[in-house]
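Notes follow the structure.
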Amino acid sequence: MDTALKPYPSCRFTHAAIDAGAGFPEKHEVSIEDIDSIVIRLQSDCLLHPFFQGTRYFDRADHRVRCTVPSIFPYITALALLGHRRGPDWYDPSVLNDASVWALALRISTLPDEGPARRWREDVLHSPIHRPRFNRVVMAITVRGECHEITSDHNQGDPWSKETRADWRWVKCKMADFLDGILSEQQQEKLFSLVRNLESVGNIKEQLTPLEVSA
(Lines give C-alpha, C1' and ligand atoms only; values in the text may rest on other atoms or scores of the structure.)
Protein backbone atom coordinates (compact mmCIF):
# COMPACT_ATOMS: atom_id res chain seq x y z
CA MET A 1 0.00 0.00 0.00
CA ASP A 2 3.04 2.26 0.23
CA THR A 3 4.21 1.61 -3.34
CA ALA A 4 4.42 4.74 -5.48
CA LEU A 5 4.06 4.36 -9.25
CA LYS A 6 6.08 6.69 -11.47
CA PRO A 7 4.09 8.40 -14.23
CA TYR A 8 7.14 9.82 -16.01
CA PRO A 9 10.45 8.31 -17.21
CA SER A 10 12.59 10.55 -15.04
CA CYS A 11 13.82 10.89 -11.49
CA ARG A 12 10.91 10.92 -9.03
CA PHE A 13 11.94 14.29 -7.66
CA THR A 14 11.36 15.94 -11.04
CA HIS A 15 7.72 14.87 -11.15
CA ALA A 16 6.13 17.63 -9.09
CA ALA A 17 7.80 20.18 -11.35
CA ILE A 18 6.49 18.36 -14.44
CA ASP A 19 2.93 18.47 -13.07
CA ALA A 20 3.32 22.13 -12.08
CA GLY A 21 4.48 23.20 -15.52
CA ALA A 22 2.48 20.91 -17.79
CA GLY A 23 -0.30 22.75 -19.59
CA PHE A 24 0.83 26.20 -18.41
CA PRO A 25 1.15 27.73 -21.91
CA GLU A 26 -2.33 26.56 -22.91
CA LYS A 27 -3.96 27.57 -19.63
CA HIS A 28 -2.51 31.08 -19.73
CA GLU A 29 -2.63 31.39 -23.52
CA VAL A 30 1.05 32.19 -23.89
CA SER A 31 3.66 30.86 -26.26
CA ILE A 32 6.92 29.27 -25.15
CA GLU A 33 8.77 32.22 -26.69
CA ASP A 34 6.92 34.54 -24.26
CA ILE A 35 8.51 32.83 -21.24
CA ASP A 36 11.38 34.95 -19.91
CA SER A 37 12.56 32.59 -17.20
CA ILE A 38 11.50 29.78 -14.88
CA VAL A 39 12.86 29.35 -11.36
CA ILE A 40 12.12 26.08 -9.56
CA ARG A 41 12.53 26.02 -5.79
CA LEU A 42 12.86 22.48 -4.46
CA GLN A 43 13.86 20.62 -1.35
CA SER A 44 17.43 21.70 -0.59
CA ASP A 45 18.69 18.12 -0.11
CA CYS A 46 17.90 17.44 -3.78
CA LEU A 47 20.41 20.07 -4.79
CA LEU A 48 23.21 18.04 -3.21
CA HIS A 49 23.00 16.09 -6.47
CA PRO A 50 24.72 18.26 -9.10
CA PHE A 51 22.44 17.14 -11.92
CA PHE A 52 19.51 18.86 -10.21
CA GLN A 53 21.40 22.14 -10.28
CA GLY A 54 21.15 22.96 -13.96
CA THR A 55 22.18 22.27 -17.53
CA ARG A 56 25.85 23.11 -16.98
CA TYR A 57 26.41 19.60 -15.63
CA PHE A 58 25.03 17.93 -18.72
CA ASP A 59 27.17 17.02 -21.71
CA ARG A 60 25.22 15.37 -24.53
CA ALA A 61 28.44 13.87 -25.90
CA ASP A 62 29.08 11.99 -22.65
CA HIS A 63 28.50 8.24 -22.91
CA ARG A 64 26.58 8.36 -19.62
CA VAL A 65 23.99 10.74 -21.04
CA ARG A 66 21.07 8.28 -20.81
CA CYS A 67 21.78 7.83 -17.10
CA THR A 68 22.18 11.49 -16.21
CA VAL A 69 19.53 13.27 -18.24
CA PRO A 70 16.49 11.90 -16.27
CA SER A 71 17.68 14.06 -13.36
CA ILE A 72 18.25 17.29 -15.27
CA PHE A 73 15.44 19.52 -13.99
CA PRO A 74 15.61 22.10 -16.80
CA TYR A 75 15.55 19.46 -19.55
CA ILE A 76 12.69 17.46 -18.03
CA THR A 77 10.64 20.58 -17.26
CA ALA A 78 11.18 21.90 -20.78
CA LEU A 79 9.85 18.65 -22.25
CA ALA A 80 6.69 18.94 -20.16
CA LEU A 81 6.11 22.58 -21.08
CA LEU A 82 6.65 21.81 -24.76
CA GLY A 83 4.07 19.02 -24.59
CA HIS A 84 6.32 16.06 -25.40
CA ARG A 85 4.45 12.83 -24.77
CA ARG A 86 5.93 10.95 -21.83
CA GLY A 87 7.78 7.77 -22.68
CA PRO A 88 10.98 6.49 -24.31
CA ASP A 89 10.96 9.29 -26.89
CA TRP A 90 12.08 11.72 -24.18
CA TYR A 91 15.56 10.25 -24.63
CA ASP A 92 15.52 9.73 -28.36
CA PRO A 93 18.54 11.39 -30.01
CA SER A 94 16.24 13.65 -32.02
CA VAL A 95 14.77 15.04 -28.80
CA LEU A 96 18.08 15.17 -26.93
CA ASN A 97 19.44 17.31 -29.75
CA ASP A 98 16.33 19.42 -30.30
CA ALA A 99 17.40 23.06 -30.20
CA SER A 100 13.93 24.22 -29.07
CA VAL A 101 14.12 22.01 -25.97
CA TRP A 102 17.49 23.38 -24.95
CA ALA A 103 16.53 26.96 -25.77
CA LEU A 104 13.83 26.66 -23.12
CA ALA A 105 15.93 24.55 -20.72
CA LEU A 106 18.57 27.27 -20.59
CA ARG A 107 15.94 29.67 -19.24
CA ILE A 108 15.16 27.30 -16.34
CA SER A 109 17.10 27.33 -13.07
CA THR A 110 16.79 25.74 -9.62
CA LEU A 111 17.11 27.16 -6.13
CA PRO A 112 16.86 25.55 -2.68
CA ASP A 113 13.65 25.73 -0.68
CA GLU A 114 14.54 25.33 2.99
CA GLY A 115 10.91 25.33 4.13
CA PRO A 116 10.11 21.61 3.83
CA ALA A 117 13.56 20.40 4.95
CA ARG A 118 12.47 19.40 8.47
CA ARG A 119 9.39 17.50 7.27
CA TRP A 120 11.49 15.79 4.60
CA ARG A 121 14.04 14.56 7.14
CA GLU A 122 11.35 13.45 9.58
CA ASP A 123 9.86 11.27 6.85
CA VAL A 124 13.25 9.76 6.02
CA LEU A 125 14.07 9.05 9.67
CA HIS A 126 10.71 8.09 11.13
CA SER A 127 8.16 7.10 8.47
CA PRO A 128 7.51 3.37 7.90
CA ILE A 129 8.95 3.60 4.37
CA HIS A 130 11.95 5.80 5.32
CA ARG A 131 11.58 8.13 2.39
CA PRO A 132 9.73 11.41 1.83
CA ARG A 133 6.02 11.04 1.08
CA PHE A 134 5.75 14.48 -0.45
CA ASN A 135 7.69 16.36 -3.10
CA ARG A 136 7.16 20.08 -2.84
CA VAL A 137 8.25 22.44 -5.58
CA VAL A 138 7.48 26.11 -6.11
CA MET A 139 7.74 27.17 -9.74
CA ALA A 140 7.95 30.83 -10.68
CA ILE A 141 7.30 31.35 -14.40
CA THR A 142 7.95 34.87 -15.66
CA VAL A 143 6.06 35.74 -18.85
CA ARG A 144 6.75 39.12 -20.47
CA GLY A 145 7.78 40.48 -17.07
CA GLU A 146 4.79 39.04 -15.15
CA CYS A 147 5.51 36.29 -12.62
CA HIS A 148 3.16 33.32 -12.18
CA GLU A 149 3.83 31.14 -9.13
CA ILE A 150 2.71 27.51 -9.03
CA THR A 151 3.08 25.20 -6.02
CA SER A 152 2.97 21.42 -6.23
CA ASP A 153 3.28 19.19 -3.16
CA HIS A 154 2.76 15.62 -4.32
CA ASN A 155 3.51 13.29 -7.21
CA GLN A 156 0.90 11.66 -9.37
CA GLY A 157 1.03 7.93 -8.63
CA ASP A 158 1.78 8.35 -4.92
CA PRO A 159 -0.51 6.17 -2.78
CA TRP A 160 -0.97 8.45 0.23
CA SER A 161 -3.88 10.53 -1.03
CA LYS A 162 -6.94 9.84 -3.16
CA GLU A 163 -5.98 12.67 -5.50
CA THR A 164 -2.70 11.03 -6.53
CA ARG A 165 -3.30 7.30 -5.98
CA ALA A 166 -3.03 5.28 -9.19
CA ASP A 167 -5.85 3.01 -10.35
CA TRP A 168 -5.97 0.53 -13.23
CA ARG A 169 -7.16 3.17 -15.68
CA TRP A 170 -4.11 5.24 -14.71
CA VAL A 171 -1.83 2.24 -15.27
CA LYS A 172 -3.38 1.49 -18.67
CA CYS A 173 -2.94 5.10 -19.79
CA LYS A 174 0.73 5.02 -18.81
CA MET A 175 1.17 1.72 -20.61
CA ALA A 176 -0.25 3.19 -23.81
CA ASP A 177 2.11 6.18 -23.65
CA PHE A 178 5.19 4.07 -23.00
CA LEU A 179 4.46 1.17 -25.38
CA ASP A 180 3.03 2.98 -28.40
CA GLY A 181 5.06 1.84 -31.39
CA ILE A 182 6.66 -0.96 -29.35
CA LEU A 183 3.69 -3.28 -28.78
CA SER A 184 0.51 -3.39 -30.84
CA GLU A 185 -2.78 -2.45 -29.17
CA GLN A 186 -3.74 -6.12 -29.13
CA GLN A 187 -0.48 -7.06 -27.41
CA GLN A 188 -0.90 -4.24 -24.93
CA GLU A 189 -4.41 -5.43 -24.07
CA LYS A 190 -3.13 -8.97 -23.53
CA LEU A 191 -0.23 -7.80 -21.38
CA PHE A 192 -2.50 -5.52 -19.34
CA SER A 193 -4.97 -8.34 -18.72
CA LEU A 194 -2.22 -10.75 -17.67
CA VAL A 195 -0.62 -8.27 -15.26
CA ARG A 196 -3.97 -7.21 -13.77
CA ASN A 197 -4.85 -10.86 -13.18
CA LEU A 198 -1.37 -12.10 -12.31
CA GLU A 199 -2.72 -14.76 -9.97
CA SER A 200 -4.19 -16.52 -13.03
CA VAL A 201 -0.83 -16.71 -14.81
CA GLY A 202 0.34 -20.29 -14.57
CA ASN A 203 3.71 -19.85 -16.27
CA ILE A 204 5.32 -16.44 -16.56
CA LYS A 205 7.92 -17.66 -19.07
CA GLU A 206 5.30 -19.05 -21.43
CA GLN A 207 2.64 -16.35 -21.04
CA LEU A 208 4.57 -13.12 -20.54
CA THR A 209 7.96 -13.66 -22.18
CA PRO A 210 6.54 -14.03 -25.73
CA LEU A 211 5.11 -10.51 -25.43
CA GLU A 212 8.52 -9.15 -24.45
CA VAL A 213 10.30 -10.98 -27.24
CA SER A 214 7.84 -9.73 -29.84
CA ALA A 215 8.68 -6.14 -28.85
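The values are calculated or read from the model by the stated rules, or taken from the named source; none is laboratory data. All of these numbers come straight from a predicted model, not from anything done at the bench. When we count neighbours, we look across all protein chains shown, and the Cβ atoms used for this are built from the backbone with ideal geometry, even at glycine. Calculation scope for accessible area: heavy atoms of the full protein, side chains included, ligands and nucleic acids excluded. Shrake-Rupley method; radii C 1.70, N 1.55, O 1.52, S 1.80 Å.
A few points about this structure:
- Stretching Phe192 away from Arg121 to a fully extended chain increases their span by 21.8 nm, per 0.36 nm per residue minus the current alpha-carbon distance.
- The magnitude of the dipole of the chain, with charges of +1 and -1 set on the Cβ of Lys/Arg and Asp/Glu and taken from the Cα centre, is near 540 debye.
- In the chain, taking the dipole from charged Cβ atoms about the Cα centre, the farthest positive-side position among Trp102, Phe178, Leu208 is held by Leu208.
- Taking Lys and Arg as +1 and Asp and Glu as -1, the other residues whose beta-carbon sits under 15 Å from that of Cys147 total -1.
- Rounded accessible area per residue of the chain, 1.4 Å, Å²: 56
- Loop-located trypsin sites (Lys or Arg not before Pro) in region 135-181, at most 15 other Cβ atoms within 10 Å (DSSP): Arg144, Lys162, Arg165
- MRE, 222 nm, helices only [DSSP H, n ≥ 4, -39500 (n - 2.57), over the chain, to nearest 500]: -9500 deg cm²/dmol
- Listed values [x] 23.7, 69; [y] 15.7, 50; [z] 18.9, 61, entry calculated as Rg and Dmax of the Cα atoms in Å: [z]
- Remark: spin-label model distance Glu199-Leu111 equals 5.3 nm, labels positioned 7 Å along the Cα→Cβ axis.
- C-alpha long axis of helix 117-126 to longest principal axis of the chain, angle in °: 30
- Stretch gain in nm, segment Thr151-Asp92, where the contour uses 0.36 nm per residue and the Cα spacing is subtracted: 18.3 nm
- Calculated FRET value between His28 and Met175, using beta carbons and R₀ = 22 Å, to 0.05: 0.10
- Flagged links, alpha-carbon separation over 21 Å, of Lys162/Lys190; Lys6/Lys172; Lys27/Lys174: Lys162/Lys190; Lys27/Lys174
- Accessible surface of the chain, 1.4 Å probe, proportion on carbon and sulfur as whole %: 52
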